[in-house]
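The values are calculated or read from the model by the stated rules, or taken from the named source; none is laboratory data. These figures come from a predicted structure and were not determined experimentally. Virtual Cβ from ideal backbone geometry, glycine too; neighbours counted across all protein chains shown.
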Amino acid sequence: MNPISAQGNEQQKVLVPKENLVWNGNPISIAGFELNAAEDKILLWTAPKAIYRRSFEAFYYLFDLKSKQLEALDADHAPQTLAEYSPDGKKVSFIHGNDLFIKDLSSGKVQKITADGKRNKIINGTTDWVYEEEFAITKAYGWSPDSRYLAFLKFDEREVPEFQMALYGDLYPEQYKYKYPKAGEVNSKVSLHVVDLQTAKIVPIKLDTYEYIPRLNWSAQSNQLIVQTMNRHQNELNYWLVSCEGKKIAAQKFYTETSTTYVEVDNNLVLLANGKGLIRTSEQSGFNHLYMLNFDGSTKAITKGEWDVIEFLGMDEQKQMLYFSSAEPGAIYKSIHSIQLDGTDQQMISNAYGYHNASFLKGMKYYIHTYSNANTPPVISLRKANGELVRTLEDNAALADKMKNEQLSRKTFLTITTPEIDLNASLILPVNYNPAKKYPVFVNVYGGPGHNEVLDSWDGNDYFFHQLLAQEGYIVLCIDPRGTQYRGADFKKSTYLQLGKLEIQDVIAATKEFAKRPDVDASRLGIMGWSYGGFMSSLAMTKGQGLFKVGIAVAPVTNWRFYDNIYTERFMRTPQENAKGYDDNSPINFAKDLQGKYFLIHGAADDNVHYQNSMEMISALVKANKQFNLFIYPNKNHGIYGGNTRNHLFNMIHNYITEEL
């Protein structure tokens, strides 16, 4: 974006007229697009189909802004996934059938780089299910800045155990099978390779013993590739430098970080233009901070203090200025800051409490700013790097005005002091609240490691569902127990090897303290959670000794032995090493202690938290002769959505709460 357009002195311009978006006589509907570096060509895609949570395949097209010509990326190898331009804009890379391809735009020739890709066996350039879910990456390849080299990961998942689910609709249900490594089971064998496109030679890169390769990042300026590897326990993170400048391509390890618990994979890594190092984040001081890491292995803290950096947003190389977001004002807030590379002159750019997100534009002179708080919908604006407003892009005024006409109760925040620790909580009081009355309490919980629910940010649909309950006379309470984040590494990692133990102790203790209030009817306490929250609500109903009258568990983990190994072993190690940690906090093993009304809900096609979790919980409850309620959504995944599904789900949950609580 140039300064003129940033200041808003231009007229809006149609980039591609709809009459140009016609293929084989049929108009195409754009799902997304990206420009090449020169901004004279567009890569666009249509008809995306989800693979897993983040990944999708689609039909890609190329549009030339000068010639106004539209062409299919590769009609012979479609649909594709993860297509992108090379840095010089002369080629487009993509994945099809688990193999990596490159199209030369001048000749139209398509080159197949790998040839061994096969579903549930070999994957090239993209990731397996567990990497996508737990390391949050789907793109496992990248171009060197001079467009000569392509680095990619190869996944050999032939020995990974296969999970299968029934999909209903036909006379005989379809059996869907995919590779899913549960805790303690075999992972994909992952290897790193670099392709020299001048010779088409694929060079395997040798690395020392490792289990995971969670990140690979090219420098933006030179042919330097940074690769991160981890051991299975995820308590050792190694940094490797792969240089493609000389005749020999080889990796050199230059830094290692270890922990007595686990090391977080850095999502914030940025390589410096001088080619001597990078910026990373680490919790080594006890709080998450920015560090300069040089390729000689030396490192220096840039930010310091008893607060956590949330995200590294980028660097202005000319000014040697870094931008980041942090929880410095408190764990429920997110603010935007700048600081010099040498650690001086830290400034807070954002000026209001709440939640601030920033996405910097190329050149680091402007950023797209999104601000919200617990009671204010997001406002999106364009700002200069110093925080100065350029213009508002979306103020959500229509929604804000509509909210003024509704009976809404303001969400507030409080600290609940338990015998062991102070916990952050949020509160929505009933509409027309009367302190002389007693109200039932609906507790919303998640509680998983490194995930906060108590945030001064807009909560969308959940906010309005909780407002509905407040209108019907419920107090809505949310609690962040130990294990959640932005209160330092010790607080977050205190649940290590015993997921569920301290978290449920905290939720139970905080609810008991809150129930002492004169406006609370302590005989009418309910709790609900989804996923990790479903695990928590199940523990609350089995370990809570009758504290909660009603518990709703949506898509819960009921035994960590059933969940994937990257997530579970990060916090628990393997079941073979830590059987007691797994068994002592599994609600399945406490089914006999269930008290109150328990409602179990799951999607039968949940590829994440398998339906198996609920099936095993059902078996344990039946064996213990405990009555409960159950609802299963056929063919629905972990999100339980699509068509009328969400409407049906929350109507059902609402009815259950109003009838039983």
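Annotations for the structure displayed:
- Those residues of region 188-224 which are of a type in the set (A, V, I, L, M) and surrounded by fewer than 15 Cβ atoms within 10 Å (Cβ to Cβ), in sequence order: Ala200, Ala220
- Members of region 473-495 that are touching a Phe, Trp or Tyr at 6+ places or on another chain (Cβ under 6 Å) and of a type in the set (Phe, Trp, Tyr): Tyr474
- Matching option when the condition is assigned to a loop (DSSP other than H, G, I, E, B), at pLDDT 95 or above and small (Gly, Ala, Ser), among Ala37, Ala83, Ala58, Ala78: Ala78
- Elements of type strands (runs of 3 or more DSSP E) contained in region 405-505, each with 2 or more residues being under 21 Å from Met541 (Cβ atoms), in the same structural domain as Ser537 (by TED's automatic domain parsing) and touching a residue at least 12 places away in the same chain (Cβ under 8 Å): 422-428, 439-445, 475-480
- Boolean, Glu306 is under 13 Å from Tyr239 (Cα atoms) and of a type in the set (Asp, Glu): no
- The residue that is nearest to Gly246 (Cα to Cα), among those in region 208-224 that are free of Cβ contacts under 8 Å to residues at least 40 places away in the same chain and not β-branched (Val, Ile, Thr), is Tyr210.
- Those helices (runs of 4 or more DSSP H) of region 551-628 in which at least 2 residues are assigned by TED's automatic domain parsing to the domain that holds Met652, among the small types (Gly, Ala, Ser) and crowded, with 19+ Cβ neighbours inside 10 Å, considering only elements entirely within it, cover 612-623.
- Test: residue in region 100-117 that is surrounded by fewer than 16 Cβ atoms within 10 Å (Cβ to Cβ), part of a loop (DSSP other than H, G, I, E, B) and in contact with a Phe, Trp or Tyr (Cβ under 9 Å, 6 or more places away or on another chain): no
- Restricting region 404-439 to residues that are farther than 24 Å from Asn452 by Cβ and hydrophobic (A, V, I, L, M, F, W, C) leaves a set whose member that is surrounded by the most Cβ atoms within 10 Å (Cβ to Cβ) is Val431.
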